[in-house]
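The values are calculated or read from the model by the stated rules, or taken from the named source; none is laboratory data. Remember, predicted model here, so these are calculated numbers, not experimental data. Ideal geometry is used to build each Cβ from the backbone, glycine not excepted, and the neighbour counts take in all protein chains shown. Note: accessible area is taken over every heavy atom of the protein model, side chains too, but ligands, DNA and RNA are not part of it. Shrake-Rupley method; radii C 1.70, N 1.55, O 1.52, S 1.80 Å.
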Amino acid sequence: MPKRTPLYDRHLTAGGRVIDFAGWEMPVQYSSILEEHRAVREAVGIFDISHMGEFLVRGEGAAAWLDSLLTNRVASLGIGEAQYTLMLNEKGGVIDDLIVYRIEETSYLLVVNAAKIEEDAAWLGGHLAEGVVFEDRSDTFGAVAVQGPKARALFAEVFNEPLPEARNRILTKEFAGEEVFVVTTGYTGEDGFEVVAPNAVIGAVWDAFVNAGARPCGLGARDTLRLEMCYPLNGSDLSPDRTPLEAGLGFFVDLSKEDFVGKGVLVAQKENGLPSRLAALAITEKSPPIRPHYPIWVNGEQVSETTSGAPSPSLGHSIAMGYLPPGHAKVGQTVEIEVRGKRYPATVVKKPFLKRA
Amino acid sequence: MNVPEDLKYADTHEWIRVEDGVGTVGITDHAQAELSDIVFVELPQVGVEFAARNAVAVVESVKAASDIYTPVSGEIVEVNSALEGEPGLLNTAPYEGGWLFKIRLSDPGELDALLSAEAYREQLSQ
(Lines give C-alpha, C1' and ligand atoms only; values in the text may rest on other atoms or scores of the structure.)
Protein backbone atom coordinates (compact mmCIF):
# COMPACT_ATOMS: atom_id res chain seq x y z
CA MET A 1 0.00 0.00 0.00
CA PRO A 2 1.46 3.37 -0.96
CA LYS A 3 1.60 5.85 1.88
CA ARG A 4 -0.21 9.18 1.98
CA THR A 5 0.88 12.33 3.74
CA PRO A 6 -1.53 14.29 5.99
CA LEU A 7 -1.94 16.71 3.05
CA TYR A 8 -3.15 14.10 0.53
CA ASP A 9 -6.78 15.31 0.44
CA ARG A 10 -5.63 18.88 -0.03
CA HIS A 11 -3.59 17.82 -3.08
CA LEU A 12 -6.64 16.24 -4.68
CA THR A 13 -8.78 19.30 -3.91
CA ALA A 14 -6.15 21.54 -5.50
CA GLY A 15 -6.16 19.39 -8.66
CA GLY A 16 -2.88 17.64 -7.93
CA ARG A 17 -1.87 14.75 -10.18
CA VAL A 18 -0.71 12.04 -7.83
CA ILE A 19 2.10 9.60 -8.66
CA ASP A 20 4.05 7.03 -6.69
CA PHE A 21 7.29 8.46 -5.35
CA ALA A 22 9.43 6.18 -3.16
CA GLY A 23 6.28 4.43 -1.98
CA TRP A 24 4.36 7.65 -1.37
CA GLU A 25 1.38 9.02 -3.26
CA MET A 26 2.66 12.53 -4.00
CA PRO A 27 1.55 15.31 -6.37
CA VAL A 28 3.90 15.51 -9.38
CA GLN A 29 2.13 18.69 -10.49
CA TYR A 30 -1.13 20.59 -10.08
CA SER A 31 -1.79 22.47 -13.33
CA SER A 32 1.63 22.90 -14.92
CA ILE A 33 5.23 22.16 -13.97
CA LEU A 34 6.37 25.20 -15.98
CA GLU A 35 4.01 27.55 -14.13
CA GLU A 36 4.85 26.06 -10.75
CA HIS A 37 8.57 26.37 -11.48
CA ARG A 38 8.09 30.00 -12.47
CA ALA A 39 6.01 30.72 -9.37
CA VAL A 40 8.93 29.66 -7.16
CA ARG A 41 11.53 31.60 -9.16
CA GLU A 42 9.41 34.77 -9.36
CA ALA A 43 6.94 34.71 -6.42
CA VAL A 44 6.36 31.91 -3.92
CA GLY A 45 5.40 28.25 -3.99
CA ILE A 46 4.63 25.65 -1.36
CA PHE A 47 5.62 21.97 -1.48
CA ASP A 48 4.44 19.06 0.62
CA ILE A 49 7.62 17.41 1.90
CA SER A 50 5.89 15.34 4.58
CA HIS A 51 7.22 12.18 2.98
CA MET A 52 10.74 13.10 4.10
CA GLY A 53 12.03 11.49 7.28
CA GLU A 54 12.64 13.17 10.64
CA PHE A 55 14.96 11.67 13.21
CA LEU A 56 15.63 13.07 16.69
CA VAL A 57 19.01 12.44 18.31
CA ARG A 58 19.62 13.42 21.93
CA GLY A 59 22.15 12.95 24.67
CA GLU A 60 25.57 13.99 25.92
CA GLY A 61 27.26 11.89 23.27
CA ALA A 62 25.02 12.99 20.36
CA ALA A 63 27.45 15.32 18.58
CA ALA A 64 30.40 12.93 18.79
CA TRP A 65 28.23 10.04 17.65
CA LEU A 66 26.87 11.96 14.65
CA ASP A 67 30.40 13.06 13.81
CA SER A 68 31.46 9.42 13.64
CA LEU A 69 28.75 8.67 11.05
CA LEU A 70 28.44 11.86 8.97
CA THR A 71 30.92 13.66 6.70
CA ASN A 72 30.45 17.26 7.86
CA ARG A 73 31.45 18.50 11.33
CA VAL A 74 28.43 18.46 13.65
CA ALA A 75 30.57 19.73 16.53
CA SER A 76 30.93 23.05 14.71
CA LEU A 77 27.19 23.78 14.84
CA GLY A 78 25.96 26.43 17.26
CA ILE A 79 22.55 26.01 18.85
CA GLY A 80 19.94 26.86 16.20
CA GLU A 81 22.29 26.16 13.27
CA ALA A 82 22.11 23.54 10.53
CA GLN A 83 24.38 21.90 7.97
CA TYR A 84 24.11 19.73 4.88
CA THR A 85 25.98 16.46 5.33
CA LEU A 86 26.27 12.89 4.04
CA MET A 87 26.09 9.45 5.58
CA LEU A 88 28.47 6.96 3.95
CA ASN A 89 28.92 3.22 3.83
CA GLU A 90 32.25 1.52 4.51
CA LYS A 91 33.25 1.97 0.83
CA GLY A 92 32.78 5.72 1.10
CA GLY A 93 29.61 5.51 -1.03
CA VAL A 94 26.56 7.58 -0.18
CA ILE A 95 23.80 6.01 1.89
CA ASP A 96 21.97 9.31 2.16
CA ASP A 97 22.38 13.07 2.12
CA LEU A 98 20.63 14.93 4.89
CA ILE A 99 20.48 18.09 6.97
CA VAL A 100 21.42 18.11 10.65
CA TYR A 101 19.82 20.84 12.77
CA ARG A 102 21.06 21.55 16.29
CA ILE A 103 17.88 22.32 18.23
CA GLU A 104 19.28 22.53 21.75
CA GLU A 105 22.58 21.96 23.52
CA THR A 106 22.47 18.17 23.05
CA SER A 107 19.44 17.71 20.81
CA TYR A 108 19.47 17.35 17.01
CA LEU A 109 16.92 17.01 14.20
CA LEU A 110 17.94 15.04 11.09
CA VAL A 111 15.86 15.41 7.93
CA VAL A 112 16.47 12.55 5.50
CA ASN A 113 15.19 11.40 2.11
CA ALA A 114 11.82 9.63 1.98
CA ALA A 115 13.20 6.65 0.07
CA LYS A 116 15.92 6.12 2.66
CA ILE A 117 14.08 6.43 5.98
CA GLU A 118 14.19 2.73 6.80
CA GLU A 119 17.72 2.18 5.55
CA ASP A 120 19.02 5.25 7.42
CA ALA A 121 17.22 4.29 10.62
CA ALA A 122 18.59 0.75 10.41
CA TRP A 123 22.13 2.02 9.79
CA LEU A 124 22.01 4.55 12.62
CA GLY A 125 20.29 2.04 14.91
CA GLY A 126 22.99 -0.49 14.12
CA HIS A 127 25.74 1.95 15.10
CA LEU A 128 24.21 3.24 18.35
CA ALA A 129 26.59 4.44 21.05
CA GLU A 130 26.44 4.96 24.77
CA GLY A 131 24.74 8.18 25.87
CA VAL A 132 22.74 8.63 22.65
CA VAL A 133 18.98 8.37 22.18
CA PHE A 134 17.89 7.89 18.57
CA GLU A 135 14.23 8.15 17.55
CA ASP A 136 12.68 7.82 14.09
CA ARG A 137 9.81 10.33 14.24
CA SER A 138 9.02 10.28 10.50
CA ASP A 139 5.46 9.04 11.09
CA THR A 140 4.60 11.81 13.53
CA PHE A 141 5.86 14.84 11.58
CA GLY A 142 4.67 16.46 8.39
CA ALA A 143 6.55 19.22 6.61
CA VAL A 144 6.11 21.90 3.96
CA ALA A 145 8.66 23.97 2.05
CA VAL A 146 7.73 27.58 1.26
CA GLN A 147 10.14 28.86 -1.38
CA GLY A 148 10.54 31.93 -3.54
CA PRO A 149 11.39 35.63 -3.37
CA LYS A 150 8.08 36.35 -1.62
CA ALA A 151 8.41 33.54 0.97
CA ARG A 152 9.82 35.94 3.55
CA ALA A 153 6.83 38.27 3.31
CA LEU A 154 4.45 35.33 3.73
CA PHE A 155 6.30 34.16 6.79
CA ALA A 156 5.95 37.58 8.42
CA GLU A 157 2.25 37.59 7.60
CA VAL A 158 1.56 34.14 9.07
CA PHE A 159 3.95 34.18 12.03
CA ASN A 160 3.80 37.91 12.83
CA GLU A 161 7.56 38.21 12.98
CA PRO A 162 10.39 38.39 10.47
CA LEU A 163 12.08 35.24 9.17
CA PRO A 164 15.73 35.03 10.30
CA GLU A 165 18.01 36.53 7.65
CA ALA A 166 20.56 33.72 7.84
CA ARG A 167 20.31 30.47 5.91
CA ASN A 168 20.66 27.14 7.73
CA ARG A 169 18.89 28.08 10.95
CA ILE A 170 16.26 26.29 13.03
CA LEU A 171 13.77 27.97 15.38
CA THR A 172 11.08 26.48 17.57
CA LYS A 173 7.72 28.27 17.20
CA GLU A 174 4.18 27.72 18.29
CA PHE A 175 1.50 27.18 15.66
CA ALA A 176 -2.13 26.29 16.43
CA GLY A 177 -1.11 25.30 19.94
CA GLU A 178 1.65 22.91 18.82
CA GLU A 179 5.41 23.26 18.80
CA VAL A 180 6.76 23.41 15.24
CA PHE A 181 10.23 23.82 13.73
CA VAL A 182 10.90 26.62 11.27
CA VAL A 183 14.09 26.06 9.28
CA THR A 184 15.74 28.32 6.72
CA THR A 185 16.74 25.59 4.32
CA GLY A 186 15.36 24.49 0.95
CA TYR A 187 15.96 22.63 -2.29
CA THR A 188 15.17 25.28 -4.89
CA GLY A 189 17.94 27.89 -4.75
CA GLU A 190 15.41 30.52 -3.70
CA ASP A 191 14.97 32.35 -0.43
CA GLY A 192 12.49 30.64 1.85
CA PHE A 193 11.96 28.23 4.69
CA GLU A 194 10.46 24.92 5.68
CA VAL A 195 8.09 24.12 8.53
CA VAL A 196 8.31 20.73 10.25
CA ALA A 197 5.19 20.19 12.34
CA PRO A 198 3.24 17.40 14.05
CA ASN A 199 0.80 15.70 11.67
CA ALA A 200 -2.14 17.23 13.54
CA VAL A 201 -1.27 20.80 12.51
CA ILE A 202 0.60 20.45 9.20
CA GLY A 203 -2.70 20.88 7.34
CA ALA A 204 -3.30 24.20 9.11
CA VAL A 205 0.27 25.28 8.24
CA TRP A 206 -0.35 24.42 4.56
CA ASP A 207 -3.69 26.27 4.55
CA ALA A 208 -2.20 29.37 6.18
CA PHE A 209 0.47 29.75 3.49
CA VAL A 210 -1.78 28.81 0.58
CA ASN A 211 -4.34 31.38 1.78
CA ALA A 212 -1.55 33.93 2.04
CA GLY A 213 -0.72 33.36 -1.63
CA ALA A 214 1.76 30.46 -1.92
CA ARG A 215 1.10 28.37 -5.05
CA PRO A 216 0.96 24.61 -4.49
CA CYS A 217 3.86 23.02 -6.38
CA GLY A 218 4.55 19.35 -7.08
CA LEU A 219 7.57 17.10 -7.34
CA GLY A 220 7.99 17.93 -11.03
CA ALA A 221 8.83 21.56 -10.32
CA ARG A 222 10.84 20.54 -7.27
CA ASP A 223 13.05 18.46 -9.59
CA THR A 224 13.59 21.13 -12.26
CA LEU A 225 14.26 23.77 -9.58
CA ARG A 226 16.86 21.67 -7.78
CA LEU A 227 18.52 20.54 -11.00
CA GLU A 228 19.01 24.16 -12.15
CA MET A 229 20.96 24.61 -8.89
CA CYS A 230 22.84 21.26 -9.31
CA TYR A 231 21.53 20.07 -5.96
CA PRO A 232 21.98 16.29 -6.09
CA LEU A 233 19.08 13.87 -5.76
CA ASN A 234 19.94 10.72 -3.83
CA GLY A 235 19.22 7.57 -5.81
CA SER A 236 19.89 9.50 -9.04
CA ASP A 237 23.02 11.65 -8.67
CA LEU A 238 24.21 10.01 -5.46
CA SER A 239 24.69 6.29 -5.02
CA PRO A 240 26.27 3.71 -2.71
CA ASP A 241 28.97 3.25 -5.38
CA ARG A 242 30.07 6.90 -5.65
CA THR A 243 31.72 8.99 -2.97
CA PRO A 244 30.73 12.58 -2.14
CA LEU A 245 34.09 13.69 -3.56
CA GLU A 246 33.13 12.21 -6.93
CA ALA A 247 29.78 13.99 -6.59
CA GLY A 248 31.58 17.30 -6.10
CA LEU A 249 30.42 17.65 -2.50
CA GLY A 250 33.87 17.94 -0.89
CA PHE A 251 32.76 21.17 0.78
CA PHE A 252 30.51 19.08 3.03
CA VAL A 253 33.21 16.55 3.90
CA ASP A 254 35.60 17.33 6.74
CA LEU A 255 38.60 15.06 6.30
CA SER A 256 40.29 16.72 9.29
CA LYS A 257 37.86 14.91 11.61
CA GLU A 258 39.47 12.08 13.53
CA ASP A 259 37.31 9.47 11.82
CA PHE A 260 33.93 8.78 10.26
CA VAL A 261 32.56 5.82 8.35
CA GLY A 262 34.01 5.89 4.83
CA LYS A 263 36.78 8.39 5.58
CA GLY A 264 39.62 6.04 4.60
CA VAL A 265 38.29 5.62 1.08
CA LEU A 266 37.90 9.38 0.67
CA VAL A 267 41.43 10.07 1.89
CA ALA A 268 42.75 7.50 -0.58
CA GLN A 269 40.74 9.06 -3.43
CA LYS A 270 42.13 12.45 -2.52
CA GLU A 271 45.67 11.09 -2.70
CA ASN A 272 45.31 8.88 -5.78
CA GLY A 273 42.78 10.87 -7.78
CA LEU A 274 39.06 10.48 -8.28
CA PRO A 275 37.75 7.69 -10.53
CA SER A 276 34.95 9.95 -11.79
CA ARG A 277 33.39 13.37 -11.37
CA LEU A 278 29.77 14.43 -11.46
CA ALA A 279 29.59 17.02 -14.24
CA ALA A 280 26.95 19.58 -15.11
CA LEU A 281 26.03 19.27 -18.79
CA ALA A 282 24.34 22.01 -20.80
CA ILE A 283 22.63 21.00 -24.04
CA THR A 284 22.27 24.33 -25.77
CA GLU A 285 21.74 23.11 -29.33
CA LYS A 286 18.28 22.00 -30.30
CA SER A 287 17.61 18.53 -28.92
CA PRO A 288 14.86 16.47 -27.38
CA PRO A 289 14.60 16.94 -23.61
CA ILE A 290 17.47 15.16 -21.88
CA ARG A 291 16.37 12.77 -19.14
CA PRO A 292 18.01 10.42 -16.63
CA HIS A 293 19.74 7.25 -17.92
CA TYR A 294 20.54 8.60 -21.39
CA PRO A 295 23.96 7.35 -22.62
CA ILE A 296 26.87 9.82 -22.53
CA TRP A 297 29.55 9.50 -25.22
CA VAL A 298 33.08 10.91 -25.28
CA ASN A 299 35.25 10.57 -28.40
CA GLY A 300 32.99 7.94 -29.91
CA GLU A 301 32.83 5.78 -26.80
CA GLN A 302 30.01 5.47 -24.29
CA VAL A 303 31.45 6.40 -20.89
CA SER A 304 28.39 6.60 -18.64
CA GLU A 305 24.81 7.82 -18.56
CA THR A 306 22.99 10.88 -17.28
CA THR A 307 21.99 10.68 -13.65
CA SER A 308 19.54 13.59 -13.93
CA GLY A 309 18.20 15.56 -16.85
CA ALA A 310 15.34 17.86 -17.75
CA PRO A 311 14.38 20.78 -19.91
CA SER A 312 15.30 23.81 -17.78
CA PRO A 313 12.30 26.14 -17.57
CA SER A 314 14.52 29.09 -16.57
CA LEU A 315 17.18 28.59 -19.26
CA GLY A 316 15.07 27.26 -22.11
CA HIS A 317 17.33 24.31 -22.94
CA SER A 318 18.01 20.90 -21.45
CA ILE A 319 20.36 20.44 -18.52
CA ALA A 320 21.74 17.23 -17.11
CA MET A 321 24.27 15.73 -14.76
CA GLY A 322 26.38 12.63 -15.14
CA TYR A 323 29.60 11.03 -13.92
CA LEU A 324 32.49 11.43 -16.35
CA PRO A 325 36.10 10.22 -16.33
CA PRO A 326 37.97 13.03 -14.54
CA GLY A 327 39.98 13.90 -17.65
CA HIS A 328 36.76 14.64 -19.51
CA ALA A 329 34.91 16.42 -16.72
CA LYS A 330 36.55 19.81 -17.10
CA VAL A 331 34.50 22.90 -17.85
CA GLY A 332 34.35 23.38 -21.62
CA GLN A 333 34.65 19.66 -22.45
CA THR A 334 32.27 18.59 -25.19
CA VAL A 335 30.46 15.27 -24.90
CA GLU A 336 27.45 13.72 -26.63
CA ILE A 337 24.20 12.53 -25.12
CA GLU A 338 22.20 9.86 -26.92
CA VAL A 339 18.44 10.16 -27.29
CA ARG A 340 16.58 7.40 -29.15
CA GLY A 341 19.68 6.35 -31.06
CA LYS A 342 20.81 9.84 -32.06
CA ARG A 343 23.57 11.83 -30.34
CA TYR A 344 23.38 15.50 -29.41
CA PRO A 345 26.31 17.70 -28.28
CA ALA A 346 26.55 18.79 -24.65
CA THR A 347 29.13 20.90 -22.83
CA VAL A 348 30.46 20.57 -19.31
CA VAL A 349 29.66 23.85 -17.55
CA LYS A 350 30.39 25.35 -14.15
CA LYS A 351 27.85 24.52 -11.44
CA PRO A 352 25.18 25.66 -10.84
CA PHE A 353 23.38 26.02 -14.17
CA LEU A 354 21.38 28.97 -12.91
CA LYS A 355 23.63 31.84 -11.87
CA ARG A 356 21.90 34.05 -9.33
CA ALA A 357 22.39 37.78 -8.99
CA MET B 1 -13.00 17.36 -22.26
CA ASN B 2 -13.48 18.37 -25.86
CA VAL B 3 -14.20 15.31 -28.08
CA PRO B 4 -15.36 16.55 -31.51
CA GLU B 5 -18.17 14.49 -33.07
CA ASP B 6 -16.71 14.35 -36.59
CA LEU B 7 -13.47 12.53 -35.71
CA LYS B 8 -12.47 8.92 -35.16
CA TYR B 9 -10.41 7.96 -32.11
CA ALA B 10 -7.84 5.37 -31.05
CA ASP B 11 -7.90 3.98 -27.53
CA THR B 12 -4.32 5.31 -27.26
CA HIS B 13 -5.75 8.89 -27.43
CA GLU B 14 -5.04 9.85 -31.03
CA TRP B 15 -7.69 11.31 -33.34
CA ILE B 16 -7.95 11.04 -37.14
CA ARG B 17 -9.87 13.06 -39.71
CA VAL B 18 -9.99 11.46 -43.19
CA GLU B 19 -10.43 13.41 -46.45
CA ASP B 20 -9.79 11.95 -49.91
CA GLY B 21 -7.98 8.91 -48.53
CA VAL B 22 -5.59 10.97 -46.39
CA GLY B 23 -5.92 11.01 -42.60
CA THR B 24 -4.83 13.94 -40.44
CA VAL B 25 -3.72 12.67 -37.02
CA GLY B 26 -3.25 14.41 -33.69
CA ILE B 27 -3.66 13.77 -29.98
CA THR B 28 -6.88 14.36 -28.11
CA ASP B 29 -7.68 17.16 -25.69
CA HIS B 30 -7.59 14.56 -22.92
CA ALA B 31 -4.09 13.43 -23.97
CA GLN B 32 -2.68 16.95 -24.09
CA ALA B 33 -4.15 17.72 -20.67
CA GLU B 34 -2.62 14.55 -19.23
CA LEU B 35 0.78 15.31 -20.75
CA SER B 36 0.63 19.09 -20.05
CA ASP B 37 3.49 21.49 -20.85
CA ILE B 38 4.54 19.87 -24.14
CA VAL B 39 8.04 21.12 -24.94
CA PHE B 40 9.23 18.89 -27.80
CA VAL B 41 7.78 16.92 -30.68
CA GLU B 42 9.61 14.39 -32.84
CA LEU B 43 7.75 13.81 -36.10
CA PRO B 44 8.00 10.91 -38.58
CA GLN B 45 9.73 11.25 -41.95
CA VAL B 46 7.59 11.96 -44.97
CA GLY B 47 7.50 8.99 -47.33
CA VAL B 48 7.89 6.31 -44.68
CA GLU B 49 5.22 3.63 -44.36
CA PHE B 50 3.85 2.40 -41.05
CA ALA B 51 1.42 -0.26 -39.93
CA ALA B 52 -1.51 0.67 -37.71
CA ARG B 53 -0.59 0.97 -34.02
CA ASN B 54 3.10 1.52 -34.75
CA ALA B 55 4.85 4.25 -32.76
CA VAL B 56 5.53 7.04 -35.27
CA ALA B 57 6.13 10.18 -33.23
CA VAL B 58 7.26 11.24 -29.76
CA VAL B 59 5.69 13.99 -27.72
CA GLU B 60 7.66 15.20 -24.71
CA SER B 61 6.45 17.19 -21.73
CA VAL B 62 8.72 18.58 -19.04
CA LYS B 63 8.43 15.33 -17.13
CA ALA B 64 8.09 12.51 -19.68
CA ALA B 65 8.38 11.29 -23.27
CA SER B 66 5.29 9.62 -24.78
CA ASP B 67 5.04 7.57 -27.97
CA ILE B 68 2.32 8.49 -30.44
CA TYR B 69 0.82 5.67 -32.51
CA THR B 70 -0.71 5.87 -35.94
CA PRO B 71 -4.33 4.71 -35.81
CA VAL B 72 -4.16 3.41 -39.41
CA SER B 73 -1.64 1.88 -41.82
CA GLY B 74 -0.17 3.93 -44.64
CA GLU B 75 2.46 6.33 -45.89
CA ILE B 76 3.30 9.61 -44.16
CA VAL B 77 2.62 12.38 -46.70
CA GLU B 78 3.04 15.51 -44.57
CA VAL B 79 4.08 16.53 -41.05
CA ASN B 80 3.21 19.65 -39.09
CA SER B 81 6.59 21.37 -39.03
CA ALA B 82 5.10 24.35 -37.14
CA LEU B 83 5.28 22.15 -34.05
CA GLU B 84 9.08 22.17 -34.12
CA GLY B 85 9.14 25.84 -33.22
CA GLU B 86 5.90 25.85 -31.27
CA PRO B 87 5.25 22.49 -29.58
CA GLY B 88 2.81 24.20 -27.21
CA LEU B 89 0.26 24.17 -30.09
CA LEU B 90 -0.44 20.59 -29.01
CA ASN B 91 -1.70 21.97 -25.69
CA THR B 92 -3.53 25.02 -26.98
CA ALA B 93 -5.07 23.66 -30.21
CA PRO B 94 -4.94 19.83 -30.20
CA TYR B 95 -7.58 19.46 -32.96
CA GLU B 96 -6.46 22.36 -35.14
CA GLY B 97 -2.96 23.89 -35.28
CA GLY B 98 -1.58 21.05 -33.15
CA TRP B 99 -2.14 18.24 -35.69
CA LEU B 100 0.90 15.93 -36.01
CA PHE B 101 1.02 14.23 -39.41
CA LYS B 102 -0.97 13.23 -42.50
CA ILE B 103 -1.02 9.62 -43.60
CA ARG B 104 -2.30 8.10 -46.88
CA LEU B 105 -4.43 5.16 -45.79
CA SER B 106 -3.44 1.81 -47.30
CA ASP B 107 -6.49 0.08 -45.83
CA PRO B 108 -9.47 2.37 -45.24
CA GLY B 109 -11.28 -0.61 -43.71
CA GLU B 110 -9.16 -0.06 -40.58
CA LEU B 111 -11.24 3.01 -39.79
CA ASP B 112 -14.12 0.73 -38.79
CA ALA B 113 -12.05 -0.57 -35.89
CA LEU B 114 -11.58 2.93 -34.42
CA LEU B 115 -13.79 4.54 -31.79
CA SER B 116 -16.58 7.01 -32.46
CA ALA B 117 -16.66 10.21 -30.41
CA GLU B 118 -19.30 8.64 -28.22
CA ALA B 119 -17.29 5.46 -27.64
CA TYR B 120 -14.13 7.44 -26.89
CA ARG B 121 -16.02 9.62 -24.42
CA GLU B 122 -17.20 6.44 -22.74
CA GLN B 123 -13.64 5.16 -22.50
CA LEU B 124 -12.59 8.42 -20.82
CA SER B 125 -15.39 8.17 -18.29
CA GLN B 126 -14.33 4.71 -17.15
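Couple of notes before you dig in:
- Equivalent ellipsoid semi-axes - Cα gyration tensor, the stretch A:233-311, angstrom: 29, 14, 10
- One decimal place: the segment A:Ala22-A:Phe252 gains 80.3 nm when fully extended, by the rule 0.36 nm per residue minus the C-alpha distance.
- Gaussian network model of chain A, Cα within-10 Å springs - most flexible of A:Ala204, A:Ala247, A:Ala39: A:Ala204
- Over all Cα atoms in the protein assembly as shown, the spread is summed up by Rg and Dmax: 25.2, 84 Å.
- Within-14-Å neighbourhood charge of B:Asp29 [Cβ basis; K, R +1; D, E -1]: -3
- Just checking the listed ones, A:Leu86, A:Leu255, A:Leu278: in the Gaussian network model of chain A with Cα springs under 10 Å, the one fluctuating most is A:Leu255.
- Dipole size of the stretch A:85-194 about its Cα centre, with +1 on Lys/Arg Cβ and -1 on Asp/Glu Cβ: approximately 400 debye, rounded to the nearest 20.
- DSSP-loop GluC sites (Glu not before Pro) across the stretch A:204-261, with at most 15 other Cβ within 10 angstrom: A:Glu258
- With 10 Å bins from 0: P(r) over the stretch A:29-159, alpha-carbon pairs, percent: 12, 36, 31, 17, 4, 0
- Note on B:Arg53/A:Tyr84: beta-carbon distance plugged into 1/(1 + (r/R0)^6) with R0 of 51 Å gives a FRET efficiency of 0.55.
- Percent of Cα-Cα distances greater than 25 Å, calculated over chain B: 16 percent
- Alpha-carbon centroid distance for the pair the stretch A:209-260 / the stretch A:33-100, whole angstrom: 9 Å
- The Cβ shell under 11 Å around A:Gly61 holds other residues with a net charge of -2, Lys and Arg each +1, Asp and Glu each -1.
- Within the shell defined by Cβ-Cβ distances under 11 Å, the residues around A:Ser318 carry a net charge of 0, with Lys and Arg each +1 and Asp and Glu each -1.
- For the stretch B:36-80, a decrease in accessible area of 50 Å² or greater in the assembled protein chains relative to the isolated chain, with a 1.4 Å probe, applies to B:Asp37, B:Phe40, B:Glu60, B:Val62, B:Lys63.
- GNM result for chain A, Cα springs below 10 Å: residue of A:Thr140, A:Thr307, A:Thr347 fluctuating most strongly: A:Thr140
- Over the stretch A:95-202, the hull volume per residue, using the convex hull of the C-alpha atoms, is 116 Å³.
- Gain on full stretching of the segment that runs from B:Asp107 to B:Asp11 - 0.36 nm per residue minus C-alpha separation: 32.7 nm
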